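Everything below concerns the one structure shown next.
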Amino acid sequence: MDTLEILRGILGLPMSSERLRDQLQQFHTTEHTESTTKIYSDAVYTNYFDLGMSIMYVPKADYRPRTGIALDHDKLELRNVDIYNFKEKGGGKKQSYAAFVHLPLFVGGPDDKTLKLDKDTTGKEIVDALGEPSRKGGGDGPSGGSIGIWCEWSNLGLMFEFESRGPQAWEMGKDSTWNTITIFAPEQS
């Protein structure tokens, strides 16, 4: 089973799932891969900085996680997985993610095209292989106040984010490599 199928296969599992733990163990590159957990009332994030991956869990309707109180793992469901493409940045204090350690990914697109997704894959290559996105946004406004462009293929359960931002964001975006890929449950048509 390829990496993308493994990640899609864990969507919807509770945080307490033994299958989830076993699948995540496959991604660890050492015995002691560390994670940090951030708790919010509407989501819990487990971040694997060294693996280039972050997992978002959402609480079931009757549960609200709180910092300082033990999490009820049975009431948290895996909603999406973010994988990162490391870019060398200036000396900020925020911890940054390594590039996802299990690249390349292979994504099936229309007309039996397959996208080989590695750290150098550009926006143009992604659109050429997957077709026009079902949703897109970002990039508007002055470069200091805008968010990077993003493209989503809802039918594939994939959203790509790019560094390109500002007034010329979409013109430059085709040549930008991806920063983040969010993997979520595909929309059923």
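Taking 69, 126, 149 in turn, the Gaussian network model of the chain (Cα-Cα springs below 10 Å) assigns the largest fluctuation to 69. With a Förster radius of 25 Å applied to the beta-carbon distance between residue 154 and residue 86, the computed FRET efficiency rounds to 0.40. Taking 7 Å along the Cα-to-C-beta vector as the label spot, tell me the residue 111-residue 60 distance in nanometres, rounded to one decimal. Distance between label points: 4.6 nm. Here the relative contact order of the stretch 99-189, from alpha carbon pairs under 8 Å that lie six or more residues apart, stands at 24 percent.
If R0 is 25 Å, what FRET efficiency do you get for residue 96 and residue 174 from their C-beta distance, rounded to 0.05? Present the calculation step by step, with values, prior to reporting the outcome.
On the way: r = 25 Å, r/R0 = 1.00.
After rounding, the FRET efficiency stands at 0.50.
Residue order by solvent-accessible surface for 152, 187 is 187, 152, largest first, with ligands and nucleic acids left out and a 1.4 Å probe. A Stokes-Einstein calculation at 10 °C with viscosity 1.306 mPa s, built on the Kirkwood radius of the stretch 121-188 over Cα pairs, returns a diffusion coefficient of 133 µm²/s. Could you tell me what a quarter of the Cα convex hull surface of the chain works out to, in nm² with one decimal place? Result: 12.5 nm².
The values are calculated or read from the model by the stated rules, or taken from the named source; none is laboratory data. Here the structure is a predicted model, which means the values were calculated and not measured. Using ideal geometry, Cβ is built from the backbone for each residue, glycine included, and neighbour counts are taken over all protein chains shown. What goes into the accessible areas is simple: the full protein's heavy atoms, side chains included, and nothing from ligands, DNA or RNA. Shrake-Rupley method; radii C 1.70, N 1.55, O 1.52, S 1.80 Å.
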